[in-house]
1. Taking region 78-87, which residues are over 15 Å from Y106 (Cα atoms) and exposed (fewer than 11 other Cβ atoms within 10 Å of the Cβ)?
2. Can A84 be described as small (G, A, S), out of contact with any Asp or Glu (no Cβ under 6 Å at 6 or more places or on another chain), free of Cβ contacts under 8 Å to residues at least 40 places away in the same chain and more than 12 Å from L59 (Cα to Cα)?
3. Suppose we filter V66, V94 for residues that are surrounded by 10 or more Cβ atoms within 10 Å (Cβ to Cβ) and at pLDDT below 95; which single one remains?
4. If you check every pair at least six apart or on different chains, which have Cβ atoms under 8 Å apart with a residue in region 29-42 that is touching a residue at least 60 places away in the same chain (Cβ under 8 Å) first and a residue that is surrounded by 11 or more Cβ atoms within 10 Å (Cβ to Cβ) and charged (D, E, K, R) second?
5. State which residue is modelled with the highest pLDDT when the search covers only region 28-59 and only residues that are among the hydroxyl-bearing types (S, T, Y) and surrounded by 14 or more Cβ atoms within 10 Å (Cβ to Cβ).
6. With the requirement that a residue be under 16 Å from I40 (Cβ atoms) and either of a type in the set (D, E) or touching a helix residue (DSSP H, G or I) at 6+ places or on another chain (Cβ under 9 Å) (or both), what does region 50-75 give you?
Amino acid sequence: MRIPRGLCATPLVIAGLSMGLPGIVAAEDCTVVTADGKTIHGRVFEGMIRKKGKKDFTLTKGGEMVKFVPYQGMPVTGKKTEYAKLKRNDWVNVCFRRMDKPRYAYELIVIPAPDDHAEDL
């Protein structure tokens, strides 16, 4: 008796998702209380500032470019504490919600640039 091709992989996919997904989701979650008292449960995006304007900024990581709009009273913490002092090539973590249009940044943490682990052979 032959097993249909689609049914062979299904148990493996389900097992892989149930084992790996909870750890990934938990690592990227964030919770922020905004200046106006709202509690936001969101996701974290880490990247380098590519463009920065007065009304928005763009981050890149791994070829992906994501545009954010600072939410009113967005806290800036870490190596810099003011939005005006952020510059191109600063590395940041941003707390945001995927469903927002435009995509609001509720918290911004300036972090040290990651080490480039490339080796010369």
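The values are calculated or read from the model by the stated rules, or taken from the named source; none is laboratory data. Here the structure is a predicted model, which means the values were calculated and not measured. Neighbour counts are summed over all protein chains in view; Cβ atoms, including those assigned to glycine, are modelled from backbone coordinates with ideal geometry.
1. Hits for region 78-87 are A84, K87.
2. Judged against the criteria, A84 is a match.
3. Answer to the selection: V66.
4. What qualifies is C30/R43; C30/E107; V32/E107; I40/R97; G42/D29; G42/R97.
5. Per the criteria, the residue is T58.
6. P70, M74
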